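The values are calculated or read from the model by the stated rules, or taken from the named source; none is laboratory data. The structure displayed is predicted, hence computed values, not measured ones. Here Cβ is always computed from backbone atoms with ideal geometry, including for glycine, and neighbour counts include all displayed protein chains. Just the protein is used for accessible areas: all its heavy atoms, side chains included, with ligands, DNA and RNA removed. Shrake-Rupley method; radii C 1.70, N 1.55, O 1.52, S 1.80 Å.
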Amino acid sequence: MSVTRDDIVREAVELLKQDGLDALSLRKLAARLKITAPTLYWHVANKRELLDLVAEELVRAQRETQLPEPPPGQPWWDWLRLRLWDMFDALITIRDAPRVLAGNRPRLESLSHIDQTLKTLMDAGLPPADAQQALFTLGSYVVGSAIEWQAEADRAREGIGIDAEVVTAIKSGEFPHIEIAMRGVNEQPPEATFGFGLDLLIDALRARYAPDHDRDTPLSVES
């Protein structure tokens, strides 16, 4: 059977969804595809290249649904915030997807998307290097938050909560500031922590680079 690189990547994504990143080995992938190791290595040099290809595939479908630039009337900061929310939502739905994206490097297929995003930020007033640093920072925040989200979900599935002694100590009143703060956090939906941090980052970019007349609009207001 003739196997293409696209076949390998699709099968790798399915293996990731089914068994997680730790089970995603070249040996197991070759067995699932019913091909020999030399055939697999003809298309993919090593596991790092495979993970970069899988990362590209994981974000491809999500990118296809995104607008390449803000539509007329939408502020760039709202457009950017919504794109990052979409990325977060996409990552947390696929097992270990955030871990795959952590440390990956872009491939040729993604350059036009990155270039258009940078153009939008530069048109908004960000210097080129600052626009790229903003993407690095925001991307790291989204991926890191998604890793934390999935790790917390794993703990919940395994029935592993906060240590009982810690809970008792907090409820005893010995640590009143933690008790009050966590009570407020626990009253919010699970995604509130991600949204809070994202707003901080987007608002900081807007405050630094938005023209003065745009600052009359309250920060952190969704379009």
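Confirm whether Ile92 is under 19 Å from the mean Cα position of the chain (by Cα), within 15 Å of Arg63 (Cα to Cα), open to solvent by 20 Å² or more (accessible area, probe 1.4 Å) and not acidic (Asp, Glu). Before the answer, list the steps.
Working: under 19 Å from the mean Cα position of the chain (by Cα): yes; within 15 Å of Arg63 (Cα to Cα): no; open to solvent by 20 Å² or more (accessible area, probe 1.4 Å): yes; not acidic (Asp, Glu): yes.
For Ile92, the condition - under 19 Å from the mean Cα position of the chain (by Cα), within 15 Å of Arg63 (Cα to Cα), open to solvent by 20 Å² or more (accessible area, probe 1.4 Å) and not acidic (Asp, Glu) - is not met.
Among the candidates Gln74, Gln66, Gln62, Gln18, which residue alone is farther than 30 Å from Arg208 by Cβ and open to solvent by 20 Å² or more (accessible area, probe 1.4 Å)? First the steps, then the outcome.
Details: Gln74 fails: farther than 30 Å from Arg208 by Cβ; Gln66 fails: farther than 30 Å from Arg208 by Cβ; Gln62 fails: farther than 30 Å from Arg208 by Cβ.
One residue alone meets the criteria, Gln18.
Among the residues making up segment 152-199, a single one is assigned to a helix (DSSP H, G or I), free of Cβ contacts under 8 Å to residues at least 24 places away in the same chain and among the aromatic types (Phe, Trp, Tyr): Phe196.
Residues in segment 21-58 that are hydrophobic (A, V, I, L, M, F, W, C) and open to solvent by 60 Å² or more (accessible area, probe 1.4 Å) were compared, and the one that is nearest to Ile94 (Cα to Cα) is Ala31.
Assess whether Leu80 counts as being at pLDDT below 90 and crowded, with 18+ Cβ neighbours inside 10 Å. No; evaluated as a whole, the condition is false for this residue.
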